[in-house]
Amino acid sequence: MGYSQRGCVHGESVPYITQERREAIGTGDEPVTSGELNFVLTQTILGYFKQRGGNYRVINDILGALEGAKLEFYRRIATPYEDTKIKENGDVYVS
């Protein structure tokens with residue numbers, strides 16, 4: 001496919017992590033940096049996109065899934081963490 005962002009066509013190298021780490025992740029290593037996590041998510045999304053034909057419905061499905069995952073992560077992980085830190089350190093939103 002010829003989809004591009006600033007000239008980057010699918011299949012080109014992602015400049016944020018080394019080729020060695022891309023290959024290691026491709027063979028099962030877990031991501032250890034935010035750049036590597038972004039790489040794994042991007043590869044998953046692009047695979048889904050290519051496998052399903054790359055039309056508007058698929059783009060919408062991907063964006064919806066990402067938003068849902070983000071919101072669920074925030075609800076289940078970030079909110080309890082923030083609540084714990086408020087108890088430990090005090091709330092800045094004190095009236």
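The values are calculated or read from the model by the stated rules, or taken from the named source; none is laboratory data. Given the structure is predicted, the values throughout are model-derived calculations rather than measurements. Cβ coordinates were reconstructed from backbone atoms using ideal geometry, including for glycine residues, and neighbour counts include every protein chain displayed.
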Qualifying position, being surrounded by 11 or more Cβ atoms within 10 Å (Cβ to Cβ) and not acidic (Asp, Glu), among 90, 47, 54, 64: 54
For the range 31-59, enumerate the residues that are outside any helix (DSSP H, G or I) and in contact (Cβ under 8 Å) with a residue 12 or more places away in the chain. 33, 54
Residue 48 fails exactly one of (1) outside the structural domain of residue 16 (by TED's automatic domain parsing); (2) at pLDDT 95 or above; (3) not hydrophobic (A, V, I, L, M, F, W, C), namely (1)
Only one of (1) modelled with pLDDT of 95 or more; (2) in a helix (DSSP H, G or I) fails for residue 28. Which number is that? (2)
Please specify each residue of the range 35-73 satisfying the condition of being under 27 Å from residue 24 (Cα atoms) and of a type in the set (Ser, Thr, Tyr). 42, 44, 48
All conditions in (1) modelled with pLDDT of 95 or more; (2) surrounded by 11 or more Cβ atoms within 10 Å (Cβ to Cβ) are true of residue 38 except (1)
Within the range 26-78, how many residues turn out to be more than 11 Å from the chain's Cα centre (by Cα) and among the hydroxyl-bearing types (Ser, Thr, Tyr)? 5
With respect to the numbered conditions (1) touching a Leu at 6+ places or on another chain (Cβ under 9 Å); (2) β-branched (Val, Ile, Thr); (3) modelled with pLDDT under 95, which one is the sole condition not fulfilled by residue 94? (1)
